[in-house]
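Here is the structure we will look at, set down as structure tokens.
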Amino acid sequence: MGMASPFSILGTTLLLLFLSFSAAAIKAQDDIVRSSCVHASYPKLCLQTLSTCSDHACKTPRDLAQAAVKVSLSRARRLSSYLAQVPTTGANKRQQAALRDCAEQISDTVDDLSKTLSELKHLGRRGEEFQWQMSNAQTWVSAALTNEDTCLDGIPYVDDKKIKSDVRRKIKNVAKVTSNALYMINRLDESRSRRDP
């Protein structure tokens, strides 16, 4: 048997080092998602919805907050589309009003979450500017949660059991991911406050 060339040994060593660093980087991203989700309102849902974030660029609390808002925004948009297509022909006036009001509330939620995402993408570096933007983001996400709750309040007026069940389930799902998004935003604010005396 011949000896391995120094180049093949060096190549193998470099490959092993690269794989070790890659595995460590993936583990670090996975750790930030896990450690961030552990105290969220819905930790399992948080891990489930942000697990793909660990595959990408979620390295900071800001990245996680943006990812959580994107999840909430995506689900709110789907709910808004669903509500726009719910048949109301033949429904009584209370059911029609409840579904129409709910659709408006969820449309407002989409607007609030869109503004929040934009604000998070353009966070300032200075203390006062950062605090103002964080306050805006927290206010908008809180408003989105209120809209979702208000939408749920009208669901008892929906007579169609299947529509009632579907709408309730979908709203609760959006509310849960929105609650987790608010947690991530609050966590971002706290992490920044610890760094800025």
Check your understanding: Label points 7 Å out from Cα along the Cβ direction at Gln48 and Glu190: separation in nm?
Key -> 2.4 nm
Check your understanding: How large is Rg over Rh for segment 99-197, taking Rg from the Cα atoms and Rh as the Kirkwood inverse mean of 1/r across Cα pairs?
Key -> 1.11
Exercise for review: Mind checking the full-extension length gain between Ala84 and Lys59? Use 0.36 nm per residue of separation minus the Cα-Cα distance, one decimal, nm.
Suggested key: 5.3 nm
Check your understanding: Given the Cα-Cα distance of His39 and Ser114 and 0.36 nm per residue of separation, how much length would full extension add, in nm?
Key -> 24.5 nm
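Please go through the residue pairs Lys59/Lys121; Lys115/Lys164; Lys115/Lys161; Lys93/Lys176 and name each one whose alpha carbons sit more than 25 Å apart in this structure. Write down the numbers at each step before the final one.
Values: Lys59/Lys121 15 Å; Lys115/Lys164 29 Å; Lys115/Lys161 34 Å; Lys93/Lys176 29 Å.
From the list (Lys59/Lys121; Lys115/Lys164; Lys115/Lys161; Lys93/Lys176), the Cα-Cα distance tops 25 Å for Lys115/Lys164; Lys115/Lys161; Lys93/Lys176.
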Review point. What share of all Cα pairs of segment 62-131, in percent, falls into each consecutive 5 Å distance bin?
Key: 3, 16, 20, 16, 13, 10, 8, 6, 4, 2, 1, 0
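Values quoted throughout were computed directly from the atomic coordinates according to the rules given, and no laboratory measurement underlies them. Since the structure is predicted, the reported quantities are computational estimates derived from the model, not experimental observations. Cβ coordinates were reconstructed from backbone atoms using ideal geometry, including for glycine residues, and neighbour counts include every protein chain displayed.
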